[in-house]
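Written below as structure tokens is the structure these notes are about.
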Amino acid sequence: MAPVRDDKIYVAIRGNLSKAGKAVAVLQNGKIIKYIELKNPLPRIVKYNDYNGKAYVGHIFFMNKNFITVFNTENDTVERYLSYNGEIEDISFAKDNKMIISSWVPDKDKYKNKIDVIDLDNYSLIRSIPLNLKHHLSKLLAIRYIL
């Protein structure tokens, strides 16, 4: 869930056991005013970027694929779909137009945790930082981009 401009709230609709969700609900004044349809299933989190006014939807890692959907919060339209390799736990942003993602990928009987830094000017991977943790990453707070 992400509160953003114009008193709107965005909620990922994940679906249920019989049907995967493929939408984000837009709420305003306590009511659903529309749904943003997504190309890829299983949206997990929605994060708002205060620096550029866009929202980013992290999906659930499924069939060895994952995605990030980018949409414009002024008109609630999808702008871009990004492929992503990993189960997204959290997304944060830095004012120098960077997206920071905490995620993990399965590796045999364990998980590999990582933090990826993405340049939002061209959506390229700047750096991937492997983390040697025994547990999944959870939340991420980027106070100042120093990676």
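List of remarks:
- Segment 42-131: Lys pairs at Cα distance under 24 angstrom, eight or more positions apart or on different chains: 17
- Only one item in (1) 64; (2) 72; (3) 60 matches percent of Cα pairs over 17 Å apart derived from the coordinates shown, and that item is (3).
- Spin-label model distance (nm) - residue 18 vs residue 132, 7 Å beyond Cα toward Cβ: 4.9
Computed from the coordinates by the stated procedures, all read-outs in this text should not be read as laboratory data. Note that this is a predicted model, so its numbers are computed, not measured. All Cβ positions, even for glycine, are placed from backbone atoms using ideal geometry, and neighbour counts span all protein chains on display.
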